1. Have a look at the DSSP beta bridges in the range 20-93 and tell me what percent are antiparallel, nearest 5.
2. Within a Cβ distance under 14 Å of PRO128, other residues only, what is the Lys/Arg minus Asp/Glu net charge?
3. Tally Lys/Arg at +1 and Asp/Glu at -1 over every other residue whose Cβ is under 13 Å from the Cβ of ALA106; what's the total?
4. About its Cα centre, how strong a charge dipole does the range 1-101 have in debye, to the nearest 20, once Lys and Arg get +1 and Asp and Glu get -1 at the Cβ?
5. To make sure I understand, if each residue's beta carbon is the centre and we count other beta carbons within 10 Å, what order do MET117, MET1 fall in, fewest to most?
6. Sort TYR76, TYR139 so that the residue with the fewest other Cβ atoms within 10 Å of its own Cβ comes first and the one with the most comes last.
7. Quick check for me: using +1 on Lys/Arg Cβ and -1 on Asp/Glu Cβ, what's the dipole size of the range 56-96 about its Cα centre, in debye to the nearest 20?
8. Given the Cα-Cα distance of GLU65 and VAL23 and 0.36 nm per residue of separation, how much length would full extension add, in nm?
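Each value in this text was obtained by applying a stated rule to the coordinates, not by laboratory testing. Here the structure is a predicted model, which is why all the values come from computation and not from measurement. Ideal geometry is used to build each Cβ from the backbone, glycine not excepted, and the neighbour counts take in all protein chains shown.
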Amino acid sequence: MTPLELAAKLKDRFGQLLDGPTVFRDEATLSLREADQIGEVCAVAKRELGCNLLLDITGIDNLGEDPRWTLVYELYGVEHGCHLRIKTNVGEEKSELPTVSHVWRAADWQEREVYDMLGIRFLGHPDPRRILMWEGYPYHPLRKDFPLGGKPSDQPGVAFSQAAPLEGGPFVTLPGVRDATEREPRVRQPEP
C-alpha cells in the first residue's frame, strides 16, 4: 500500500470533508474542512487503514490570516510503512477541537504541548494541564504575537522572571568572529 492509496481510501470514506490528497516526498497530505471531525477521521485512519502510530501533532500560527491556526497530524503505519498527514484549521475565536487521545494515547502529551505553547484547547482531553510552562502562566510562548524577548513575570523564584535582552532576536549573529561564543548575541556587550 502507498501513502496515496491510504489517502484515497480515507477520502472515499469521508468524501467532501477532505481536500486533496497531495503527495510530497512519498508522504500524502489531506486537508480536513471541519476540525470538529478530526476524532472520527483519525479513528478510521487507525482502525481501517493501519495508521497505528501518531508521530506528532504540530500547531502552526498563521497570524493575520483567518483561520489563524493549522493543526497537522503526522500518522504512520508500522506494518505498511506509509506516512499520512492530516491538516485542519481552527479559527482564533474558537481555538478548540476534539481530542484524539482516545485514538492514540501518545496524543495526550502532544495535545498538552500544543495547548501550552499556542493556547489551542482539546475538548474531552483527560488531563488538560500545561506541560512545559507552570500552571497559572498567562501566555502561550509559541504564538507569533509573543515577543522574542519574553515577558516579565511577577512570580518570585522563577527562572528568567525578567525579559531576556536578545539584541535583535535570537538568530542574529556576527559573521567572521573567532568562535561561537563571540557570535552569540546574548553574550555580546552592547555597543556604546
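1. Approximately 75 percent, going by the DSSP bridge assignments.
2. Residues close to PRO128 contribute a combined charge of -3.
3. On the way: positive: LYS46, ARG105, ARG112; negative: ASP56, GLU74, ASP108, GLU111, GLU113.
In short, -2.
4. My answer is approximately 300 debye.
5. Taking fewest neighbouring Cβ atoms as first place, the list is MET1, MET117.
6. TYR139, TYR76
7. Computed about the Cα centre, the dipole is about 140 debye.
8. Full-extension gain reported as 12.6 nm.
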